[in-house]
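Every number here is computed from the coordinates shown, using simple stated rules; none is lab data. Note that the coordinates shown come from a computational prediction; the quantities given were computed from them, not determined experimentally. Using ideal geometry, Cβ is built from the backbone for each residue, glycine included, and neighbour counts are taken over all protein chains shown.
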Amino acid sequence: MRWQDGRRSDNVEDRRGQKGGRGLKVGGAAGVVIVLGVVVFGVATGTDVSGLLDALAGPAGSGGATSPADDARAEFISVVLADTEDTWGPIFQARGQTYTPPRLVLFRDRVDSACGMQSAATGPFYCPGDRQAYVDLSFFDELDQRFGAPGDFAQAYVLAHEIGHHVQTLTGVSAQMHALERGRSEAERNELSVRQELQADCYAGVWGHHANRRDLLEAGDVEEGLRAAAAIGDDTLQRGAGRTVTPESFTHGTSAQRTRWFRVGFDSGDMSRCDTLGAAL
């Protein structure tokens, strides 16, 4: 991708230096008093206050330095986020609606969100409760090495998919799907989840279409996105784990479905073509 000269988003919150993704910053004389008070309390009561001291220390006292590679990747993700803003803003405006961009939280190891404490093992995720996307940048190493989907556009696809879930929140699809899940069997809930995830893939393709029109894509980028979509299909993941492929347990869709719906969005650039809720998958 030709991203180096792109606009950086102002909607990025970097928590990579914070233990548990959230710290309590203290400083100055008041901070010293608070820390001394905690230490005195610990000595007097025999309580282990190291966890509280870590929280009070915030970013400087808990997470350690970030690597240059991660910092460069964070800058890249900020550009991609800005480009999703430049894509969805005009699309919503044409529909007579207002696009409110989400915040993107960068974290390391684990993070606290409105959807609860999540670990890096969860992978990138979107939380409708606080309307924020969360990414541990180490996932992109897994995408390359474990899933065999290298390339910057593969990483951009992953973020664009999570932003697709934000679009679903703004349009009311997320609330609609949540209501439909009530009283359903697990297999039925899984099918609804697949439809919602495939729509987010299609929305990622819509973003890719407009990014391509802005001349951000290079030769091979689309193939990187398709390879990433295929690599994280439910059937491919189950086979890779040595498990029997069980369609009723799918929550995101097969590799073929994920690549197909990304392609629908990319080829059309039209979010109305992403009606996975009623279409044959």
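Answer rounded, prolate or oblate for the range 171-281, using the Cα gyration tensor with square roots of eigenvalues a ≥ b ≥ c: rounded when a/c is under 1.5, else prolate when a/b is larger than b/c, else oblate. Here the range 171-281 falls in the oblate category. Checking the a/c ratio against 1.5 first, then a/b against b/c, what shape does the Cα gyration tensor give for the range 65-273? Rounded is the answer for the range 65-273, as its axis ratio a/c remains below 1.5.
A simple spin-label model places the labels of Phe125 and Asp109 1.8 nm from each other, with each point 7 Å out along Cα-to-Cβ.
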